Amino acid sequence: MKYLIVIDMQKDFVDGSLGTPEAQAVVPRIEKKIAGGGYDRIFFTFDTHFSDYSETLEGKKLPVQHCIKGTDGWNTALGYDRFSRENTVEKYTFGYTDWNKLLPDKNDIENIEFVGVCTDICVISNALILRALYPDTPMTVDASCCAGTTPEAHKAALTVMRSCQIDIINE
């Protein structure tokens, strides 16, 4: 089975409080990839914070309110109004640690592909968690469908993921 994991394509990361031109540029590419099919299942992660965000460690180190559940910035920036609940992952930190509860036995996975934002925070965190859980599973990051906090941080994250035997395409 082929999986696509779309990381945190939310309004606050695209054109909201933490938005960037690079994140805005990947939206139509990700939409095209999804529409093109070829995946047995697509997961969408949602960075999810609450009103106490400023009291968390992340809120103290990154004092920019973002992806507060129930706000418009938490919603998807992709051109889709609804997602299947079974394909939506709300995560409360950079990486989701329960992927093994959602994905099948490693022998049933042909490839896991990642797209989304931010390459240097949430994309890399989820890719490395899945690399640890599925060490012999082929994994791919489509660099043309990812954006980092900066172009330099994006490139650095791609280098690290390549070092961890994750294939980088469309760089």
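General remarks:
- Strands (runs of 3 or more DSSP E) enclosed by the range 104-171 - at least 1 residues per element that are without any contact (Cβ under 8 Å) to a residue 60 or more places away in the chain and among the aliphatic types (A, V, I, L, M): 139-147, 167-169
- Condition check for C67 on (1) at positive phi; (2) surrounded by fewer than 20 Cβ atoms within 10 Å (Cβ to Cβ): one failure, at (2).
- Residue match in the range 78-101 (condition: closer than 27 Å to A132 by Cα, in contact with a Ser or Thr (Cβ under 6 Å, 6 or more places away or on another chain) and of a type in the set (V, I, T)): yes
- Test: residue in the range 42-57 that is part of a loop (DSSP other than H, G, I, E, B), in contact (Cβ under 8 Å) with a residue 24 or more places away in the chain and within 23 Å of T97 (Cβ to Cβ): yes
- Of the numbered criteria (1) under 19 Å from D142 (Cα atoms); (2) touching a Leu at 6+ places or on another chain (Cβ under 9 Å); (3) not in a helix (DSSP H, G or I), the one L78 fails is (2).
- When residues in the range 93-138 are screened for being touching a Leu at 6+ places or on another chain (Cβ under 7 Å) and surrounded by fewer than 21 Cβ atoms within 10 Å (Cβ to Cβ), 3 of them pass.
- Cβ separations smaller than 7 Å between residues 6+ apart or across chains give the following pairs from the range 5-19 residues that are among the aromatic types (F, W, Y) to residues that are modelled with pLDDT of 95 or more: F13/G19; F13/A23; F13/V117; F13/C118.
- Remark: A77 matches the filter, which requires a residue to be in contact with a helix residue (DSSP H, G or I) (Cβ under 6 Å, 6 or more places away or on another chain), under 17 Å from C118 (Cβ atoms) and modelled with pLDDT under 95.
- Any hit, the range 49-68, residues being under 12 Å from the mean Cα position of the chain (by Cα), at pLDDT 95 or above and of a type outside the set (G, A, S): no
- When E90, E152 are checked against the criterion of being among the charged types (D, E, K, R) and within 12 Å of the chain's Cα centre (by Cα), E90 stands alone in meeting it.
- Matching residues, the range 17-37, being closer than 22 Å to D72 by Cα and crowded, with 20+ Cβ neighbours inside 10 Å: L18, A23, V26, I30
The values are calculated or read from the model by the stated rules, or taken from the named source; none is laboratory data. Everything quoted here is computed from the prediction, not taken from an experiment. Please note: Cβ atoms are built from the backbone with ideal geometry, for glycine as well, and neighbour counts cover all protein chains shown.
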